[in-house]
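Okay, so here's the structure we're looking at.
The values are calculated or read from the model by the stated rules, or taken from the named source; none is laboratory data. Remember, predicted model here, so these are calculated numbers, not experimental data. Cβ placement follows ideal geometry from the backbone for every residue including glycine, while neighbour counts extend to all protein chains displayed.
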Amino acid sequence: MYTSLRSAFVVGLLVAAAAASKVACSSDDIIRPVDLRTVAEGDSRFYLSGIIGPSWGTLQVDDSPAVNDPLFSAGGAAGVAFERESGRLRVEFEARYRDPISGDFGDTDSFSSLRAENGWSTLVNAWRDVNLTDRLGLYVGGGIGGGGYGSLTTQSAVPASNFTINGSGSASGFAWQAGGGVIYELTERITLDLGYRFFAVDSGSITATSFQSNVPIETFAVDTGSSASELLFAIRIYEPFRGWR
């Protein structure tokens, strides 16, 4: 789990930082304080960012009780920022990984379990930054794309009647998010971002089979869906390949 999180964050943040460290013009170009007004209105700049933070996820399968579980999300984004008079318009492609989510519910008469692993999403986002001061600002926006789970399993049982339901498979579908947050421009090329996002995905369906005394009875589709409230921290690096030859 944590290996996957680290890998996703490396793709987003460390790759961006590594690119920035290759700047040929001077070793401290990316971190030294600069005049933030030197970026002209109408300019556009490429950026990379790393994203990480906690999520409070909800997973639903058909009419079963929803599973609620705290988890972590990590990933990265690549985009273009268009400078405006009072801030920026940013358009980006974002990819993120999410921790497994699982839960058990029921009693001795009947019980169910649900687990989803390898959560993912790829979204195209649009964000509008609004400057409050030279360095501090707010932003709002959202995105659409796809998401789901690489593996989703559900099990239900009524021991007294030897009745069980087992389902498994990958699930994916339409995904969207919306949110906003606070940005702080550490330098002209590094921006810190703390924001909230509500994320939701229609995860499609998986195949399940019911059994009576271990004898298959019926195979059917089980609809799934998930959502999450997320508090995310991001580091954005503009023009990460400046000076490459």
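General observations
- Filter result for GLY148 (within 16 Å of GLY57 (Cα to Cα), in a strand (DSSP E or B) and small (Gly, Ala, Ser)): yes
- Test for GLU92: is it of a type in the set (Asp, Glu) and surrounded by 17 or more Cβ atoms within 10 Å (Cβ to Cβ): yes
- Put simply, of PHE220, PHE198, PHE233 the only residue that is over 15 Å from the mean Cα position of the chain (by Cα), of a type in the set (Phe, Trp, Tyr) and either at pLDDT 95 or above or surrounded by fewer than 18 Cβ atoms within 10 Å (Cβ to Cβ) (or both) is PHE220.
- Among (1) under 21 Å from LEU114 (Cα atoms); (2) at pLDDT below 90; (3) buried (at least 19 other Cβ atoms within 10 Å of the Cβ), the one test that GLU188 misses: (1)
- Screening the candidates PHE211, PHE241 for the property of being in a loop (DSSP other than H, G, I, E, B) and on the phi < 0 side of the Ramachandran plot yields one hit, PHE241.
- Residues of region 76-106 classified as within 18 Å of ILE237 (Cβ to Cβ), more than 11 Å from the chain's Cα centre (by Cα) and not small (Gly, Ala, Ser), total: 8
- The sole residue among ASN131, ASN125 that is modelled with pLDDT under 95, in contact with a strand residue (DSSP E or B) (Cβ under 9 Å, 6 or more places away or on another chain), surrounded by 14 or more Cβ atoms within 10 Å (Cβ to Cβ) and not small (Gly, Ala, Ser) is ASN131.
- Any chance SER73 is closer than 17 Å to ASP193 by Cα and touching a strand residue (DSSP E or B) at 6+ places or on another chain (Cβ under 7 Å): yes
- Among (1) out of contact with any strand residue (DSSP E or B) (no Cβ under 8 Å at 6 or more places or on another chain); (2) among the hydrophobic types (A, V, I, L, M, F, W, C); (3) part of a strand (DSSP E or B), the one test that LEU231 misses: (1)
- Within the option set SER172, SER203, SER151, being modelled with pLDDT under 90 and farther than 29 Å from ASP129 by Cα holds for one residue only, SER203.
- Residue ID - surrounded by the most Cβ atoms within 10 Å (Cβ to Cβ), chosen from residues in region 26-61 that are closer than 27 Å to LEU231 by Cβ and at pLDDT below 65: ILE30
- Scanning region 66-89 for residues that are of a type in the set (S, T, N, Q) and surrounded by fewer than 22 Cβ atoms within 10 Å (Cβ to Cβ) yields a total of 2.
- In this entry, SER73 passes the filter for residues that are hydroxyl-bearing (Ser, Thr, Tyr), at pLDDT 95 or above, more than 18 Å from TYR139 (Cβ to Cβ) and within 29 Å of the chain's Cα centre (by Cα).
- Some residue of region 49-68 being touching a helix residue (DSSP H, G or I) at 6+ places or on another chain (Cβ under 6 Å), within 22 Å of GLY195 (Cα to Cα), of a type in the set (Phe, Trp, Tyr) and in contact (Cβ under 8 Å) with a residue 60 or more places away in the chain: no
- Residue in region 109-127 that is part of a strand (DSSP E or B), among the small types (Gly, Ala, Ser) and in contact with a helix residue (DSSP H, G or I) (Cβ under 7 Å, 6 or more places away or on another chain) present: no
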